[in-house]
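A.B. asks: Can you read through this structure? Questions will come right after.
The values are calculated or read from the model by the stated rules, or taken from the named source; none is laboratory data. For clarity, every value in this text was computed on a predicted model and none was experimentally measured. Glycine gets a Cβ as well: all are built from the backbone with ideal geometry, and neighbour counts include every protein chain shown. Heavy atoms of the whole protein, side chains included, go into the accessibility calculation; ligands, DNA and RNA do not. Shrake-Rupley method; radii C 1.70, N 1.55, O 1.52, S 1.80 Å.
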Amino acid sequence: MPDIKQQDISRQLSRETGLMAGRLAQFLHQQFAGSEKALEEALAFLDYSFAAVAEGRSLDDWQSNSLSQRIAPDHPLYLLLTFFSLSPDEVDLLLLAGMAEEHEGFADIFRVLHPQGLPHPTIGLAAQFLCHEKEGHQALRKQLNTGSAVRSGILYLAGEEPFFNRHLLLAEMLWPVLHGLDVWPSGLDPEKGPLYCHGLEGWLAEDQVRKALTMLDAAVAGTILLSSDDEETAFQRGSVLVAEAGILSCRIRLQSEMPVGLDRLIAVHAAARKAVPVLRLSFDQEKPGQPAAPQFDLFPGPVTLCSRDGYGTNVGKRPLITIRCSRPGPDALRRMWQEILPALADEAGVLAARFPVEPWQAGQVAADLEFARSYTEGQVGIKEVSSSIRSRAAIDLESSGVRLIRPEVTWKHLVLSEAKTAQLREGLNRLDQQGKVLDEWRFLEGRRGARGVRMLFAGPSGTGKTLSAEVLASALAVDLLLVDLSRVVSKWIGETEKNLARVFEAAEYSRAVLLFDEADALFGKRTEVSDAHDRYANLETAYLLSRLERFEGLAILSTNLRQNIDAAFIRRLEFIVDFEEPSYEQRLALWKCHLPDKAPLAEDVRLEELASRFHIVGGLIRNAAVAAAFLAASEGSTITQEHFIRAVRREYEKSGKPFRELAVRR
């Protein structure tokens, strides 16, 4: 709202209403003096209303000055008058329509004068009251059909009666706003939260953004269209943009289906506040056709529309500036985390590498941590940052074909050779150190796919591929998103690409590790083009390659058959880790790993013998250890060697392999 005090705003509007009451009383005295008792009471109320604000001056004395001379330049009524170029007659109509909202006494008067007994002034009353010229009725008809007050939505006509029996109404909730109250129509409650511009200095200095700031400063009747990977980021950037220009904004989230005239209602309320509308455009991705963006063709000021990429291009005939919300660079991200979370300033580089979020998301994290620290006196660290981001990543994972795994395993649960473990740790180091290598030292400058880490885990089932992915996610203090390929790959042409987009969106929002299990189903060798299905399959492969390059987190491809993976994918991978069947030493370590300290082992249990006799992978060892425990529990005994052998036998049977006791060998 303007800077003048709310009570001054209200007092000035009440004075104008009182003056209008005096004019109406004067008119009725001339037309109907002494007719009926009810009318006499109405006249007395109007006379009283005028006297209450007249300060002893006559009506003619007050009217010797125009309304623009009587009220403050920052008054909402003055803003509407100048912004929409309202004529004096239109201002009179506005005040006449608003009188019913001012006092029940005015509403009762209009009820007496209305043919239908409604508490609103009719057009006929306005014609008799305000039209003094011979052609006044025709001029009023034109004004109420084509004038700025009606076309802008400030004033509208209600009722199905003949024209002069219809009545005048104001835009919804406009009268309280003219009184200085910051209220909005139902469903249009603006966003009130804080804005975070940390780390956006580079973006604000871009050419298109500077042009938009010039448009805002000049109050040009144009549209600024911001787009991003998601609507919320564009919405937050649009709000920051208007704030950077030093202008009040109305930050409103619109639904996909907008009622007719909603843009006019928003425009009227924004103009009364001297604010710029910043609108978040939502749309249903499942629908092939999307509604056009709000036009605001009659709004004589700037409007900021914020949408997902590929939407909102039909924005009418207004001058247009389009802005792509480029992601903050590593330096900006480090600065952002340092400023928003000063308690973790020393970890800003790691936070920037692991959590390249938007400033508004980092602000939410800071608020979460501050709340937790205030009430629990808990520690603040990278783990808590990850927990906050994970909790706020409101992604519909199931519909995206993704299963969320909250990893609870650590490096101690992983039994691999030192070389394999070193590769995994090297992958994490690359993710954490990419700021130094890529940004400070300028390696791979300008190359696509430079950021992020892509790994291939290849090897037989049960050798620890998924477990290793869980360990990496645990080390990063993030979730693991396991892609359910049966739900991602669609038999319908073109659907797979859409499903994959949801998968990557889920991973980027939650900052999780992304695991494509059985990756050859999607990342396999591309086919020769023989029909439309092959062409689409290859297009989806190309999309997948491009999307992997743009993914800045840790993406893991898992396959049982490395030779089935397309060479084009292999070239784009930073690490290839081959998982082999475990050696004797590793099998022994796996048996020990899967037997908890409290397990009641019999004296005849010899893990060395189990590791020597049965050449099975870690997944089967885990299953056998658990199955042996249940066999012992059902018999009410400790876990014996025989229980382990029976459990292993069943694992062989499940896999369709013949079970035989091999000679001891190492």
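A.B. asks: Can you give me the long-range amide H partners of Arg251? Hydrogens built in the peptide plane at 1.01 Å from N, cutoff under 5 Å, separation of 5 or more residues or another chain.
C.D. replies: For Arg251, the qualifying residues are Glu191, Val278.
A.B. asks: For the stretch 157-171, just list the computed ³J(HN,Hα) in residue order, Karplus coefficients 6.51, -1.76 and 1.60, θ = phi - 60°, integers in Hz, with x standing in for Gly and Pro.
C.D. replies: With coefficients 6.51, -1.76 and 1.60, one gets 9, 10, x, 10, 6, x, 3, 7, 9, 6, 10, 9, 10, 8, 4 Hz.
A.B. asks: Tell me, what is the per residue accessible area of the chain in Å², probe radius 1.4 Å?
C.D. replies: I get 48 Å² per residue for the chain.
A.B. asks: Once both axes come from the Cα atoms, what is the angle between helix 6-32 and the longest principal axis of the chain, in degrees from 0 to 90, rounded to 10?
C.D. replies: Result, in degrees: 40.
A.B. asks: A further question follows. By how many degrees, 0 to 90 and rounded to 10, does the Cα axis of helix 88-102 deviate from the longest principal axis of the chain?
C.D. replies: 70 degrees
A.B. asks: Sketch the reach of a paramagnetic label on Asn429 as a point 7 Å from Cα along Cα-to-Cβ, and name the residues of the stretch 568-604 whose backbone nitrogen lies under 15 Å away.
C.D. replies: 575
A.B. asks: Relative contact order for the stretch 1-90 using alpha-carbon pairs under 8 Å, separation at least 6, rounded to a whole percent?
C.D. replies: Taking the mean separation of contacting Cα pairs over the length of the stretch 1-90, I get 36 percent.
A.B. asks: Out of residues 5 or more away from Leu554 or on other chains, whose amide H comes under 5 Å of its own, with H placed 1.01 Å from N in the peptide plane?
C.D. replies: Excluding prolines and chain starts, which carry no amide H, the hits are Val453, Leu514.
A.B. asks: Which of the peptides 152-160, 331-339, 561-569 is most tightly packed, and how do the rest follow, going by the mean number of other Cβ atoms within 10 Å of each residue?
C.D. replies: Packing proxy ranking, top to bottom: 331-339, 152-160, 561-569.
A.B. asks: Let me ask something else. Residue-wise, which Karplus ³J(HN,Hα) couplings in Hz belong to the stretch 197-214, taking 6.51 cos²θ - 1.76 cosθ + 1.60, θ = phi - 60°, and x for glycine or proline?
C.D. replies: Once rounded to whole Hz, the list reads 10, 4, x, 9, 4, x, 5, 5, 8, 5, 4, 5, 5, 5, 4, 5, 5, 5.
A.B. asks: Out of these labelled values of Cα extents along the principal axes in Å, (i) 147, 72, 49; (ii) 70, 66, 55; (iii) 123, 58, 54, which was calculated from the coordinates shown here?
C.D. replies: Only one listed value fits the structure, namely (iii).
A.B. asks: Of the beta bridges DSSP finds with both residues in the chain, what % are antiparallel, to the nearest 5? Before the final figure, lay out the partial values.
C.D. replies: Working: 10 of 48 bridges.
Beta bridges within the chain, antiparallel portion: roughly 20 percent.
A.B. asks: With the full set of protein chains in place, find how many percent of the accessible area of the chain is carbon and sulfur; take the probe as 1.4 Å.
C.D. replies: 50 percent
A.B. asks: If you don't mind, there's one more thing I want to ask. Separation between the Arg403 and Ser68 pseudo-spin-labels, each 7 Å from Cα along Cα→Cβ, expressed in nm?
C.D. replies: Output for this residue pair reads 7.0 nm.
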